[in-house]
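Participant: Below are the structure tokens for one structure; questions will follow.
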Amino acid sequence: MNKKIIYILGIETSCDETAAALLQVSNYKFQVLRNVVSSQVKIHSKYGGIVPEVAARKHVEVIIPIIDQVIDRKKNSIDLICVTAGPGLVTSLMVGLEAAKTLSWLWQKPLIGINHLEGHIYSNWLSHEELFKQKVFPAICLVVSGGHTELYLMTGHNKYQLIGRTRDDAAGEAFDKVAKILSIGYPGGPIISKLAKTGDPEKIKLPRPMIMSNDFDFSFSGLKTAVLYEVKKYKKPLNKKLVADFCASFQKAVVDVLVAKTSKAARIYQVKTMMLSGGVSANQLLREELQKHSQKYDLKFYCPDLKYTGDNAAMIALAGYYRYLKEKDKRHLLANWQKIKPEANWELK
Ligand code: KG4
Ligand code: ZN
């Protein structure tokens, strides 16, 4: 493939969003030609969390129309297919994977399986064109989503060292569970951050779990339980002001820990850049606090545009582009449709 312009089809179905995107890349410049995300949030909000069987069935219903919408009349121009192969819900992953494998075989196009977390990290490149030219490595990358809270040291494109992770709940999961405790809806992150704006972050005294620990791990399950115990001290239903105070206090506790650990890692590993990504990276307080801390230590700070913070397939296509560049023998990618399997617990390395 010596074409100057290449077209990449990205497919993502790791959780409850069915997504496809078409990326045009030429000489490290790219354009997102199409980016379609079909969210199942309304369906799962009835249950207060994702129901895997329901998610998989919905992916099956919409995957073909969404891919159709994205490729439009460009079917013959597509050079590469990139699909999320893990981590995620295995039954959800399978839908995107089977679609991608079928198209790879049918069109005789190379296929690459992408780690969802790597996709989130590359949402920063999607959002900041200057990243393509700048010296950004080593970078410290905080990935915070509904299923993950991980700190990576990124030493080059597609090169990662996991330096810390949550030992129990992910940060996004904690937002979702605390929203359930407060009976304010699902998903909790956007609702809590909105209500927190009118709340007092000092009103409810909450712990900062593991903030002083000698590692880069996190723990959010105890914080969620602390919220539950505090809520029990008040008569139900909680009034609006008190709910806002709970939201602000909880959000501040999560952000304090994430910022302290990320900043400490940035100092110890002497990085040039700090990067935030994943669904929780939409949180305004977290963005602002990390920005402030990176300025203090003279680091560049990047976070994705809000349209790329949640799950999408453009980030998968772009991560795949860098993987593709590194492949010495690109022919074997044509046979990948026979090999790639969903990996629910795929660790990014
Ligand atoms: O990355 P993502 O879309 O899906 C996963 O891969 O998990 O992340 C979804 C998570 C949910 O837990 C949601 O509550 C959280 O991101 N989230 C937020 C905000 N927006 C979404 N958490 C905190 N503040 C927000 N503004
Ligand atoms: Zn995600």
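The values are calculated or read from the model by the stated rules, or taken from the named source; none is laboratory data. What you are looking at is a predicted structure, and each value in this text was computed from that prediction instead of being measured. Note: ideal-geometry Cβ built from the backbone for every residue, glycine included; neighbour counts use all protein chains shown. Just the protein is used for accessible areas: all its heavy atoms, side chains included, with ligands, DNA and RNA removed. Shrake-Rupley method; radii C 1.70, N 1.55, O 1.52, S 1.80 Å.
Participant: Between their Cα atoms, which of K236/K296; K58/K339; K46/K241; K197/K307; K75/K326; K46/K236 are more than 32 Å away from each other?
Facilitator: Flagged as over cut-off: K236/K296.
Participant: Filter the chymotrypsin sites (Phe, Trp or Tyr not before Pro) in the range 238-324 down to the DSSP loop ones having no more than 16 other Cβ atoms within 10 Å, then list what survives.
Facilitator: Sparse-neighbourhood loop chymotrypsin sites (Phe, Trp or Tyr not before Pro): Y269, Y297.
Participant: Further question on the same structure: Assuming 0.36 nm per residue, please report the length gained on full extension of the stretch D305 to T155 beyond their Cα-Cα distance.
Facilitator: Roughly 51.7 nm would be gained on extension.
Participant: A further question on this structure: Of the heavy-atom accessible surface of the chain (probe 1.4 angstrom), what whole percent is carbon and sulfur?
Facilitator: Exposed carbon and sulfur together represent 52 percent of the surface.
Participant: Which one, W337, Y302, Q251, projects farthest toward the positive side of the charge dipole computed for the range 251-349 from Cβ point charges (K/R +1, D/E -1)?
Facilitator: W337
Participant: Something else about it: Treat each spin label as a single point 7 Å out from the Cα along the C-beta direction, and report the E98 to R267 distance in nm.
Facilitator: Placing both labels 7 Å beyond Cα along the Cβ direction yields 5.2 nm.
Participant: Another question about this same structure. Assign unit charges at the C-beta atoms only (+1 for Lys and Arg, -1 for Asp and Glu), then state the dipole size of the range 137-271 relative to its Cα centre in Debye, rounded to the nearest 20.
Facilitator: 500
Participant: In debye, nearest 20: dipole of the chain around its Cα centre with unit charges on the Cβ of K, R (+) and D, E (-)?
Facilitator: 380
Participant: Something else about it: What distance in nm separates the simple spin-label points at K296 and K330, each placed 7 Å from Cα in the Cβ direction?
Facilitator: Spacing of the two 7 Å Cα→Cβ label points: 4.6 nm.
Participant: Hand me the trypsin sites (Lys or Arg not before Pro) from the range 269-298 located in a DSSP loop with no more than 16 other Cβ atoms within 10 Å, in residue order please.
Facilitator: Loop-located and lightly packed - K272.
Participant: With angles folded into 0 to 90 degrees, how steeply does helix 171-181 sit against the dominant principal axis of the chain? Use alpha carbons for both and round to 10.
Facilitator: 50
Participant: Measuring from a point 7 Å past the Cα of Q134 along Cα-to-C-beta, which residues in the range 278-304 have an amide N at less than 11 Å?
Facilitator: Answer for this model: 299-303.
Participant: Then there is this: What residue among Q161, W125, L238 has its Cα farthest toward the positive end of the dipole of the chain, where the charges are +1 on Lys, Arg and -1 on Asp, Glu, each on the Cβ?
Facilitator: Result: W125, furthest along the dipole toward the positive end.
Participant: Using a 10 angstrom cutoff on alpha carbons, build the Gaussian network for the chain and name the most mobile of K194, K101, K307.
Facilitator: The residue with the greatest mean-square fluctuation here is K307.
Participant: Right, next: Go through the range 1-94 and name the trypsin sites (Lys or Arg not before Pro) that are in a DSSP coil and have 12 or fewer other Cβ atoms within 10 Å of their Cβ.
Facilitator: K3, K4, K46, R73
Participant: At 1.4 Å probe radius, can you tell me the per residue accessible area of the chain in Å²?
Facilitator: About 45 Å² of surface per residue is accessible.
Participant: Shifting gears a bit: Take the Cβ-Cβ distance between R208 and K29 as r, set R0 to 51 Å, and report the resulting FRET efficiency rounded to the nearest 0.05.
Facilitator: Computed FRET efficiency for R208 and K29: 0.75.
Participant: Note down the nm distance, to one decimal, between modelled labels 7 Å out along Cα→Cβ at K240 and at K339.
Facilitator: It is 5.9 nm.
Participant: Per-residue HN-Hα couplings for the range 279-296, Karplus 6.51 cos²θ - 1.76 cosθ + 1.60 at θ = phi - 60°, whole Hz, x for Gly and Pro?
Facilitator: Using θ = phi - 60°, the values come out as x, 6, 5, 6, 5, 4, 5, 4, 4, 5, 5, 5, 4, 4, 5, 5, 4, 4 Hz.
Participant: If you don't mind, there's one more thing I want to ask. Is the shape of the range 91-191 rounded, prolate or oblate, going by the alpha carbon gyration tensor and its root eigenvalues a ≥ b ≥ c, with a/c under 1.5 for rounded and a/b larger than b/c for prolate?
Facilitator: oblate
Participant: Measure nothing but the geometry: give the 0 to 90° angle between the long axis through the Cα atoms of 240-268 and the longest principal axis through the Cα atoms of the chain, rounded to 10°.
Facilitator: 60
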